[in-house]
Amino acid sequence: MRPRPACEDEDPELFFPTGTTGMAVLQIKEAKAVCRRCPLLESCLQGALERDEVGVWGGTDEDDRRGMKRRRARKRAAA
Ligand code: SF4
């Protein structure tokens, strides 16, 4: 049986907060908590990085993924 995403029964809106301050901070935290118990976290994160997604994917928000991309680019440049 294929693993099921932890967000399957959640309101999709939870993963697409408006902004990154105020109530959105709590929303992002809650969405990330769902991701943390997801068996698909790694593949979900990779897909989000490749597609430049908005919202919470693979336990990360857009800022997290921007940071990851910057670090990867820096590593590549240093290699
Ligand atoms: S890691 Fe991806 S598939 Fe899993 S709960 Fe989070 S958004 Fe859904």
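All conditions in (1) of a type outside the set (A, V, I, L, M); (2) out of contact with any Leu (no Cβ under 9 Å at 6 or more places or on another chain); (3) touching a residue at least 24 places away in the same chain (Cβ under 8 Å); (4) near the ligand (Cβ under 8 Å from one of its atoms) hold for Cys35, with the sole exception of (2).
So which residues in region 8-32 are in contact (Cβ under 8 Å) with a residue 24 or more places away in the chain and closer than 20 Å to Met68 by Cβ, if there are any at all? Once the filter is applied, which keeps residues that are in contact (Cβ under 8 Å) with a residue 24 or more places away in the chain and closer than 20 Å to Met68 by Cβ, region 8-32 yields Phe15, Phe16, Pro17, Thr20, Ile28, Ala31, Lys32. Consider Arg76 carefully, then state whether it is open to solvent by 60 Å² or more (accessible area, probe 1.4 Å) and either part of a loop (DSSP other than H, G, I, E, B) or out of contact with any Leu (no Cβ under 9 Å at 6 or more places or on another chain) (or both). Yes; evaluated as a whole, the condition is true for this residue.
Taking the criterion of being assigned to a helix (DSSP H, G or I) and in contact with a Ser or Thr (Cβ under 8 Å, 6 or more places away or on another chain), the residues of region 36-61 that qualify are Leu45, Ala48.
For region 50-79, the set of residues classified as among the aliphatic types (A, V, I, L, M) and more than 18 Å from Cys7 (Cα to Cα) consists of Met68, Ala73, Ala77, Ala78, Ala79, listed by residue number.
The values are calculated or read from the model by the stated rules, or taken from the named source; none is laboratory data. From a predicted model like this one, the values you see are computed outputs, not experimental measurements. When we count neighbours, we look across all protein chains shown, and the Cβ atoms used for this are built from the backbone with ideal geometry, even at glycine. To get the accessible areas, we keep the full protein, side chains included, count just its heavy atoms, and leave off ligands, DNA and RNA. Shrake-Rupley method; radii C 1.70, N 1.55, O 1.52, S 1.80 Å.
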